[in-house]
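A quick write-up on the structure given underneath.
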Amino acid sequence: MSIFYLLIFFVIQINSEEIAISLNDIETDVENDNYKIASKVLNLISDSEYKISGSCTECKINVNQNTDMTITLNSISLVNSNDGPFIIGKSAKVNLILEGESEINDNEDINKDDTEETFEGAGIKFKASSSLTISGSGKLTVIGIPKNGIKGAKKSSITINSGTLSITAAKNALACDNLITINGGTIEIISDSDGIKSEPDSDDDDSKGTIIINGGNIKIESQNDAIQAAYKLEINGGTFNIKTYEGANSNTFDKDTMSAKGLKCSTNEHENVNNQLIINGGEFHFDTSDDSVHSDYNITITKGIFEIK
């Protein structure tokens with residue numbers, strides 16, 4: 001019996017070993033039980049713990065669908081102008097741990113959005129029914145030059161527990177159709193459209209369109225809405241510094257054609273939604289061209305500090 005338990009312990013120790021991969025070596029093709037490298041694409045294929053370092057241009061990290069893995073980013077630099085640089089497959093679960101300072105840059109051509117199936121349009125994209133959890137003590141900069149910074153699809157979810165996220169995007173900086181949960185960390189966003197957004201497509205009746213924020217230090221400068229949820233936006237804590245469009249003193253904002261709200265619970269994609277905006281705490285500093293706090297249906301505020309220009 002003791003030999004049996006020893007064998008079980010030995011197997012667990014082997015399976016829990018961290019697999020180190022350097023992007024500096026991604027031009028060399030490799031294939032084993034845990035990952036495959038071909039044509040400068042790193043495919044992570046097993047339920048393992050990976051630690052990725054180094055830098056590479058025109059490369060891609062691809063997480064296989066239906067996997068459950070932990071990935072530590074140790075000061076990586078990843079740039080791709082031909083494809084999305086970091087893709088998480090359908091129904092995959094990824095625990096992303098930040099160490100050092102990393103950067104992921106999506107530099108795809110926006111003109112290919114409607115013409116090429118391979119266009120991903122996000123620095124990090126996680127597909128239907130997948131989940132992404134971000135934690136650690138490091139910093140991750142995500143740049144979405146053509147479109148989004150971090151984007152989750154139908155029935156997907158993202159949870160941010162700690163670390164520093166700096167996101168710059170031509171469209172939405174941090175978006176997920178189903179559920180966004182922020183428990184802590186520092187998030188800095190510059191967006192030419194919305195900052196943080198959860199809104200399912202018009203044909204998606206399965207996603208929740210929900211954002212829940214329990215803490216963190218969040219700074220957003222967006223041309224459109226700073227934080228928008230289609231169905232439910234719940235804030236229980238955190239510090240928020242929000243500026244939309246040109247701020248409160250804008251002379252060019254047009255309320256009939258533009259939306260540049262601070263906190264917004266609203267949807268244009270679904271009808272007869274009882275939108276719920278709930279604030280149970282937090283410190284808010286608003287400089288918005290449009291409404292600072294807005295819901296199409298209901299707002300409940302029980303606690304919080306608000307500075308509104």
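Some observations on this one:
- Under Karplus coefficients 6.51, -1.76 and 1.60, residue-wise ³J(HN,Hα) of region 221-232 in Hz, glycine/proline x: 10, 10, 7, 10, 6, 6, 10, 10, 10, 6, 10, 8
- Interchain or long-range residues, amide H under 5 Å from Lys93's placed H: Thr67, Asp68, Met69, Ser131
- The smallest convex shape that holds all Cα atoms of region 115-191, its convex hull, gives 81 Å³ per residue.
- Between region 143-158 and region 178-237, the Cα center-to-center distance that results, in Å: 11
- More than 36 angstrom apart: percent of Cα pairs within the chain: 20
- The share of accessible area on the chain that comes from carbon and sulfur is 43 percent, using a 1.4 angstrom probe.
- When the P(r) is computed for region 129-171, the part past 17 Å accounts for 40% of the Cα-Cα pairs.
- Distance from the Cα centroid of region 18-69 to that of region 266-298 is 41 Å (rounded to whole angstrom).
- Remark on the chain: Cys176, Cys265 stand apart, with no other cysteine beta carbon under 4.7 Å.
- Extension gain for Asp254-Asn66 works out to 63.1 nm (0.36 nm per residue, less the C-alpha to C-alpha distance).
- Residues in region 90-107 carry Karplus couplings, in order, of 4, 6, 8, 10, 10, 9, 9, 10, 9, 10, x, 10, 10, 9, 10, 10, 9, 10 Hz; the curve used is 6.51 cos²θ - 1.76 cosθ + 1.60 with θ = phi - 60°, and Gly or Pro positions show x.
- Long-range amide H partners of Asn107 with built H, under 5 Å: Asn80, Ser81
- Compared with the dominant principal axis of the Cα atoms in the chain, helix 2-15 is inclined by about 60°.
- Charge tally for Glu99 (other residues, Cβ to Cβ under 11 Å; Lys, Arg +1; Asp, Glu -1): +1.
- When each of Lys36/Lys60; Lys93/Lys147; Lys232/Lys261 is checked by Cα-Cα distance, pairs over 21 Å: Lys93/Lys147
- For region 168-179, putting each phi into the Karplus relation 6.51 cos²θ - 1.76 cosθ + 1.60 with θ = phi - 60° gives couplings of 10, 8, 6, 10, 8, 6, 10, 9, 7, 5, 9, 8 Hz, in residue order, rounded to whole numbers and with x for Gly and Pro.
- Candidates Gly281, Gly84, Gly121, ranked by Gaussian network fluctuation over the chain, Cα under 10 Å, top entry: Gly281
- Per-bin percent of Cα-Cα distances, region 160-309 [10 Å]: 13, 45, 36, 6, 0
- Spacing of the two label points (7 Å from each Cα toward its C-beta) at Asp296 and Asn272, in nm: 1.4
- Accessible heavy-atom area order of Leu179, Leu165, highest first, probe of 1.4 Å: Leu179, Leu165
- 5 angstrom amide H check on Tyr50, placed H, neighbours 5+ away: Ile19, Thr70, Ile71, Thr72
- Accessible area of the chain divided out per residue, in Å², using a probe of 1.4 angstrom: 46
The values are calculated or read from the model by the stated rules, or taken from the named source; none is laboratory data. These numbers were taken from a predicted model, which means no experiment stands behind them. When we count neighbours, we look across all protein chains shown, and the Cβ atoms used for this are built from the backbone with ideal geometry, even at glycine. In case anyone asks, the SASA skips ligands and DNA or RNA and just uses the protein heavy atoms, side chains included. Shrake-Rupley method; radii C 1.70, N 1.55, O 1.52, S 1.80 Å.
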